[in-house]
Amino acid sequence: MESIALLMVVIIFVLLLLGFPVAFTLAGVSSIIGYFTLGPDFFNFLPSRMMGILSNYVLLAVPLFVFMGIMLEKSGLAATLLETMAHFFGKVHGGLGVSVIVVGTLLAASTGIVGATVVTMGLISLPTMIKAKYNIPLSTGIIASSGTLGQIIPPSIVLVLLGSVLNITVGDLFKAALLPGGLIVLSYIIYVLIIAKIKPEWAPVLEQKEDETKISTKKTIIALVMPILLMVIVLGSIFAGIASPTEAAAVGAFGAIILTMLAGKFSWKTLMVTGQESTRLTTMVFFILLGATTFSLVFRGLHGDDLILTLIRNADLTSIQLVAFILMIVFILGFFIDFVEIIFIIVPIILPILNAYDIDLIWIGILLALNLQTSFLTPPFGFSLFYLKGVAPPQVKTTHLYRGIIPFISIQLVILLLVFFFPELVSMWL
């Protein structure tokens, strides 16, 4: 039975690498193998498990945060934010790069949707950076890495999903992610300023026309203060215990509508398109989740989790070695498959092992989130690189993207190691 469980995992990974749909691969392969090995009566447990997921109040935050992110993207907020930040930072070498990182951070804290953020930043920032004679690999690295900050900076959908799968409080994960997320942003900025100092021709001063030297107070407030206020309301209500993540997400979705109205970009068509895109993305996530539930049920029915736990115990690994091994596996998988698949396939398998070793689940949750953030950037299947290449001007080559992203992946891995060796970076806010 145990060997069949491992064979099922191998078959699923092979099919995923061949490009088969994730949700139907998980559910289909698991159902076929489960039917012939465990019998049809075994699946009587499945409906109650699926209903338990669909009635999970915490997971209701996913469509609300997705709606908030897409609505803010439609508001044109990113363009105004970049214009405002460039006005403040563009007078120094690397200032435009710093502006892009700050805007990416604010969008991450406001939206949490990597695809929308990278595409928006690519359309707005990349032509501006190329026109300003910025080094192309540096420009693409800044944009792609900044666009993935929504993976770790709350309110992150990754953290919501991890909290649900690990059965821990999402609010605690949000608090624990603040310092590591802030360290990544600060490290990005320091790296860009150092490169601009060493090679000023890579990050020249942004030339501003006379009519661009003044930005209205109203424009600055809408562009900068309002998104920060929205972030404070959403996260503050969670941290203060006033609202659950789901309730705060609803406030965020409503606040995004208000910001879009203030920006003069709200319309019935915008609301309809946002609702449709939110439904499509949410449906994708939940279909994968239901497929993963089928996989998890069959895998445990075949005693696959017992086999893995026995193998690890026989290997005589310490808890630190175990966590390091898990992170290495997740990092390698991130080269080939999406973060949602990793969360819903790998985490349920390792959860009993983590509990058996009495490992702090909030700490491992942040480590996994940091690790999964790199999966968006690592070639050959880094989704942020695909998103950016899709909207980049013709002179931007794939080799530019790969060269430019390496320093930022290195920065993320350094922060990951810091959190690994100093767990207090996670616990100090709890």
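Quick note: the coordinates plus some simple rules give every number you see, no bench work behind them. Keep in mind that this is a model prediction, so the values were computed, not measured. Here Cβ is always computed from backbone atoms with ideal geometry, including for glycine, and neighbour counts include all displayed protein chains.
Going by C-beta contacts inside 10 Å, put Asp172, Asp306 in order with the fewest on the left.
Asp306, Asp172
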At q = 0.13, 0.20, 0.25 Å⁻¹, the log10 of I(q)/I(0) for region 318-418 from a Debye sum over equal Cα scatterers comes to -0.50, -0.99, -1.35
In degrees rounded to 10, the 0-90 angle between helix 77-89 Cα long axis and the longest Cα principal axis of the chain is 60 degrees
Taking the alpha-carbon centre of each part, the distance from region 327-366 to region 247-314 in Å is 17 Å
Under a Gaussian network model of the chain whose springs join Cα atoms within less than 10 Å, the largest fluctuation of Thr105, Thr398, Thr246 belongs to Thr398
In the structure shown, of Lys175/Lys389; Lys265/Lys397; Lys269/Lys397; Lys131/Lys265; Lys91/Lys131, the pairs separated by more than 25 angstrom at the C-alpha atoms are Lys175/Lys389; Lys265/Lys397; Lys269/Lys397; Lys131/Lys265
Measuring from the longest principal axis of the C-alpha atoms of the chain, the long axis of helix 157-166 (C-alpha) lies at a number of degrees, nearest 10, equal to 20 degrees
Rounded to whole angstrom, the alpha-carbon centroid of region 138-155 lies from that of region 65-83 at a distance of 15 Å
Listed residues Ile32, Ile362, Ile53; largest mean-square fluctuation, Gaussian network over the chain with Cα springs below 10 Å, found at Ile32
Over the chain, the sum of -39500 (n - 2.57) across DSSP H runs of at least four, divided by residue number and rounded to 500 deg cm²/dmol, gives at 222 nm -24500 deg cm²/dmol
With label points set 7 Å from each Cα along the Cα-to-Cβ direction at Glu201 and Thr310, the distance between them in nm comes to 6.5 nm
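May I ask you to derive the FRET efficiency for Phe331 and Met261 from their Cβ-Cβ distance with R0 = 30 Å, giving the value to the nearest 0.05? Let's see the in-between values first.
Working: r = 42 Å, r/R0 = 1.41.
E between Phe331 and Met261, to the nearest 0.05, is 0.10.
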Across Ile329, Ile405, Ile342, the residue with the highest GNM fluctuation in the chain (Cα network, 10 Å cutoff) is Ile329
Tilt, helix 245-262 to longest principal axis of the chain (alpha-carbon atoms), in degrees rounded to tens, equals 30 degrees
Per-residue Cβ contact counts at 10 Å, fewest first, order Glu73, Glu2 as Glu2, Glu73
Per-residue Cβ contact counts at 10 Å, fewest first, order Leu15, Leu370, Leu311 as Leu311, Leu15, Leu370
